[in-house]
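The values are calculated or read from the model by the stated rules, or taken from the named source; none is laboratory data. This one's a predicted model, so the numbers in the text were calculated from it and none came from an experiment. Every residue, glycine as well, gets a Cβ built from its backbone with ideal geometry; the counts of neighbours run over all protein chains shown.
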């Protein structure tokens, strides 16, 4: 751990342009319910004061036949909506997407190509919030330091609406 | 114009026996949802005067007395208005992003009481009716004014603040914390104004809804400071009812009379 932090620190001092990759796995559990709708999911990186440093993902019912009724329920991702959603002009390329089926979904973000390029070194919290039509809501958080690489993936498990969530930061050689 | 010839009435029990009849119950405007997303949305609103929050069990509020103001200040048409015996309802469509205000219009009324042929008489109405009916000419008539406002706010998209513009008359609320940005466990702040100036020392009562089977009313009472500010922390999620009142005197058409002002609002505290 010590070595990793030192390396990251040196890398930052000597060459802030060194590429990092942030991999997030979001587990959506398969639920045995009579009426199942794929959940809305939002993932974002927040600063310690809850301000939003980066929007990573928002999966919701996409526009069909010119209707955008899917946006009606975005406010139910209530922390995301409060912290950032209501200020956004959706859809956002690379962030908005259709709802996903149960399973593990991996998001891979490269500092060179994603919105993470401008992320200042510091402490952050990865937030994952989900809400399901006629179902429940759950939110989990993973605190992390940037741009320190993680020795082993950081992980947290949801209890009801989310499965395993992992965060892995690697430095590209 | 004929001046009102009335006997000045200080804060007496007779006045509050009348004014208190309505205020013993709670008037409320309850939107179906307070926070919305999307390009346009319908909201349906219940309005009633009841003892329990927010369960109709006493009187309806006339939907004709309700005004809806859009984020840009324009009036929004109320649709499907229905006045029931103990509750009214109406809908309106939101197609602008921002905060809408739902409020009772005007709200100034006059109360009079006098003795005629040995019988105690009571009257309530507008200033125009008062003069037209010659109420102000009754023997030893005591007249007082009551000014009530009742409102609620809903937001489509990001909250805006243009609808908070105050008139400088009566008891008004100037939100510090946006009413659609209140969360359980987090402090919220409002400023009360009396005729446009900070209303100091006014007691504000805040009651969480769904009180029908709650043994503890769970009322919070806070008093405005020198800046007219109150700060409180809602302890639970859900709709809340906030009310404040103050008493003073006012000169109406050359006649001093006692005045009772009240401000009421419903808002929602969201869970974290």
Unmet criterion (only one of (1) more than 30 Å from residue B:128 (Cα to Cα); (2) at pLDDT below 95; (3) part of a strand (DSSP E or B)) for residue B:214: (3)
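From the set of residues in segment A:125-145 that are buried (at least 21 other Cβ atoms within 10 Å of the Cβ) and assigned to a strand (DSSP E or B), which is farthest from the chain's Cα centre (by Cα)?
Here the residue is A:131.
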Give the residues of segment B:53-62 that are surrounded by fewer than 19 Cβ atoms within 10 Å (Cβ to Cβ) and within 23 Å of residue B:180 (Cα to Cα), sorted by residue number. B:55
Within segment A:1-35, residues farther than 18 Å from residue A:114 by Cα, at pLDDT 95 or above and surrounded by 14 or more Cβ atoms within 10 Å (Cβ to Cβ) come out as A:26, A:27, A:28, A:29
Residues being assigned to a loop (DSSP other than H, G, I, E, B) and either in contact with a strand residue (DSSP E or B) (Cβ under 9 Å, 6 or more places away or on another chain) or at pLDDT below 95 (or both) - total across segment A:50-81: 9
Subset of segment B:247-272 that is closer than 30 Å to residue A:80 by Cβ and away from chain A (no Cβ under 14 Å) - its residue that is surrounded by the most Cβ atoms within 10 Å (Cβ to Cβ): B:266
Among the numbered criteria (1) out of contact with any helix residue (DSSP H, G or I) (no Cβ under 7 Å at 6 or more places or on another chain); (2) away from chain B (no Cβ under 11 Å), which one does residue A:54 miss? (1)
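Condition first: under 23 Å from residue B:183 (Cβ atoms) and either surrounded by 14 or more Cβ atoms within 10 Å (Cβ to Cβ) or away from chain B (no Cβ under 11 Å) (or both). Can you find one or more residues in segment A:107-123 that meet it? Give the derivation first.
Filtering segment A:107-123 down to residues under 23 Å from residue B:183 (Cβ atoms) leaves A:123.
Filter once more, keeping what is either surrounded by 14 or more Cβ atoms within 10 Å (Cβ to Cβ) or away from chain B (no Cβ under 11 Å) (or both): A:123.
Checked segment A:107-123: at least one residue is under 23 Å from residue B:183 (Cβ atoms) and either surrounded by 14 or more Cβ atoms within 10 Å (Cβ to Cβ) or away from chain B (no Cβ under 11 Å) (or both).
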Which condition does residue A:93 not pass, out of (1) more than 11 Å from every other protein chain (Cβ to nearest Cβ); (2) touching a residue at least 12 places away in the same chain (Cβ under 8 Å); (3) more than 25 Å from residue A:154 (Cα to Cα), if it passes all the others? (2)
Go through B:204, B:154 for me and flag whichever is in a strand (DSSP E or B), within 14 Å of another protein chain (Cβ to nearest Cβ) and either surrounded by fewer than 20 Cβ atoms within 10 Å (Cβ to Cβ) or modelled with pLDDT of 95 or more (or both). B:154
